[in-house]
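The next block holds one structure in the form of structure tokens; read it before the comments.
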Amino acid sequence: MRPAYSFDSIAPPANWSQLPWGDWLQQQVSAGLDNWWPRLFGYHLIKLGPLAADLNSGLCSIRHQVAIHADGGDAWGEVDDLPLRCRSVDACIMPMVLDFHQDPHGVIREADRVLVEGGHLVIIGFNPLSPAGLGMLSPSSRKRYPWKGRMFTPNRVRDWLGVLGYQLVAQEPLAFSSLLWSPDRFVWPQQWMAQQTPSLASVYMLVARKVAVPMTPVRPRWRPRKRLITSPAAVGRTAAERRHR
């Protein structure tokens, strides 16, 4: 397993059109998010990365929404160094951000820093153990998005979230196309995988909730240690002898 941190700079795609079949891919991600926008509550929502700015979040119940990335958006900022106070955001969405960043651990830790307790983190990424992962085997494909970046399995990202104490709310498949050719080709295998092997989705979505940590540690209830009786008959004779003295 390759380390999460990369010493090479990875430029993220500036928009969906830089991804293969980008319009179709954006539609799949938007359809998956439409089921979750009404379930996110609070006052502030941040959308990280250039791809997040183009996602329609009109169904979200959170009214104040800010798109943040290094090349513009509603606010300028690096995804691993957000211009926000600690515990000031109720929900954070990051589509295809971890795949194109040198330090995905740092990105998640920064999102955790600004999220309130009970806030939600939505991560969307490419799965290397999927039809889309086949492009990683081709030298020519590795020069193009998304294969020029990196892909992390959903289980690996779940482990990162677990270390920070997050509770996984949902893991959903969003697309099963290899993205090497039109998604309209090989529709039947994609439908079969969606029913039989959803964990092998080319694009997945994780929804996690930041669990509140109690400020006061819970003290264990210690019970007095009972005396070990090896020979009940001997103990009875000893007690009887004491009464006769």
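Between the listed residues Trp21, Pro173, Ala53, the Cα displaced farthest toward the positive end of the dipole of the chain, a dipole computed from Cβ unit charges relative to the Cα centre, is found at Pro173. When the surface is traced with a 1.4 Å probe over the full set of protein chains, Asp71 keeps roughly 140 Å² accessible. For Lys143, the aspartates and glutamates whose Cα comes closer than 15 Å to its Cα, not counting residues fewer than 8 places off in the same chain, are Asp8, Asp99. Surface analysis of the chain yields an accessible area of 59 Å² per residue, using protein heavy atoms and a 1.4 Å probe. Can you give the angle from 0 to 90° between the axis of helix 232-244 and the longest principal axis of the chain, with both taken from C-alpha atoms, to the nearest 10? Between the helix axis and the principal axis of the chain, the angle is about 40 degrees.
Taking the Cα centroid of the stretch 1-65 and of the stretch 160-191, what is the distance between the two, rounded to the nearest whole Å? Rounded to whole Å, the Cα centres lie 14 Å apart. If I build a Gaussian network model for the chain, linking alpha-carbon pairs within less than 10 angstrom, which residue out of Pro128, Pro38, Pro173 has the largest mean-square fluctuation? For the chain, modelled as a Gaussian network with Cα springs under 10 Å, the answer is Pro38.
To the nearest 10 degrees, how steeply does helix 22-34 sit against the main Cα axis of the chain, on a 0 to 90 scale? Roughly 40 degrees, rounded to the nearest 10. Kirkwood radius for the stretch 1-147, taken over all pairs of different Cα atoms as the inverse mean of 1/r, rounds to 16.0 Å. Quick one: of the DSSP bridges fully inside the chain, what percent are antiparallel, nearest 5? Percent antiparallel among DSSP bridges in the chain is about 50.
Share of carbon and sulfur in the accessible area of the chain stands at 54%, probe radius 1.4 Å. Sorting Lys148, Lys143, Lys47 by accessible area puts them as Lys143, Lys148, Lys47; the probe is 1.4 Å, largest comes first, and only protein heavy atoms count.
Each label point was placed 7 Å from the Cα along the Cα-to-Cβ direction; for Gln191 and Asp8 their separation is 4.0 nm.
Rounded to the nearest 10 square angstrom, Glu172 shows an accessible area of 50 square angstrom against a 1.4 Å probe.
Among the listed values (i) 21.7; (ii) 13.4; (iii) 17.5, the one matching mean projected area of the Cα convex hull in nm² as calculated from this structure is (i).
Placing pseudo-labels 7 Å out from each Cα toward the beta carbon at Asn56 and Asp74 gives an inter-label distance of 1.8 nm. In the chain, the longest principal axis of the Cα atoms and the axis of helix 187-196 are about 10 degrees apart. Estimated at 0.36 nm per residue, the fully extended path between Val66 and Arg156 surpasses their Cα-Cα distance by 29.6 nm. For Met96, Met1, the ranking by accessible surface with the largest value first comes to Met1, Met96, using a 1.4 Å probe.
A simple spin-label model places the labels of Ser138 and Gln18 2.0 nm from each other, with each point 7 Å out along Cα-to-Cβ.
When the surface is traced with a 1.4 Å probe over the full set of protein chains, Ile46 keeps roughly 10 Å² accessible. Taking each residue as 0.36 nm, the span from Asp103 to Asp184 lengthens on full extension beyond its C-alpha to C-alpha distance by 25.7 nm.
The values are calculated or read from the model by the stated rules, or taken from the named source; none is laboratory data. Keep in mind that what you see is a predicted model, and the values were worked out from it rather than measured. Note that each Cβ is placed from the backbone with ideal geometry, even for glycine, and that neighbours are counted across all protein chains shown. Side chains included, ligands, DNA and RNA excluded: accessible areas come from the protein's heavy atoms. Shrake-Rupley method; radii C 1.70, N 1.55, O 1.52, S 1.80 Å.
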